[in-house]
1. If Leu78 satisfies all but one of (1) loosely packed, with under 10 Cβ neighbours inside 10 Å; (2) within 21 Å of the chain's Cα centre (by Cα), what's the number of the condition it fails?
2. Search region 49-73 for residues that are within 16 Å of Ile33 (Cα to Cα) and pair each with any residue that is at pLDDT 95 or above and of a type in the set (A, V, I, L, M, F, W, C) when their beta-carbon atoms are under 7 Å apart and the residues are at least 6 apart or on different chains.
3. Only residues that are charged (D, E, K, R) and surrounded by 11 or more Cβ atoms within 10 Å (Cβ to Cβ): list them for region 47-64, please.
4. Going through region 6-36 one residue at a time, which ones are farther than 30 Å from Asp46 by Cα and either touching a Phe, Trp or Tyr at 6+ places or on another chain (Cβ under 6 Å) or among the small types (Gly, Ala, Ser) (or both)?
5. Kindly list, by first and then second residue, each pair from a residue in region 1-30 that is without any contact (Cβ under 8 Å) to a residue 24 or more places away in the chain to a residue that is surrounded by fewer than 10 Cβ atoms within 10 Å (Cβ to Cβ), limited to pairs with Cβ atoms under 8 Å and residues at least 6 apart or on different chains.
Amino acid sequence: MKANPDASAQQLRQLLERIERLEEEKAGIAGDINDVYAEAKSTGFDVKTMRTIVKLRRMDKHHREEAAAFLETYTSALGL
């Protein structure tokens, strides 16, 4: 049994429209996040450090420890 080309085109269109809506939402959320970082910066917080902490908090403990070990190894090798 062959797929209906009209149904496939309709499904493709719907999927693309969903993706486009989600991309718009993602852009809005990214803007909101940037606003929060700007607020933090205006109150004296270091945004680069905050971004690093957010990244670390997303990691599980094992990966955080592994990243710290690599950083220590590399900085030590470079005499930093």
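1. The one condition Leu78 does not meet is (2).
2. Met50/Ala40
3. Arg51, Lys55, Arg64
4. Selection gives Ala7, Ser8, Ala9.
5. That search, which allows pairs on different chains as well, returns nothing.
The values are calculated or read from the model by the stated rules, or taken from the named source; none is laboratory data. Only a predicted model underlies this, so the values are computations on that prediction, with no experimental measurement involved. Neighbour counts run over all protein chains shown; Cβ positions are idealised from the backbone, glycine included.
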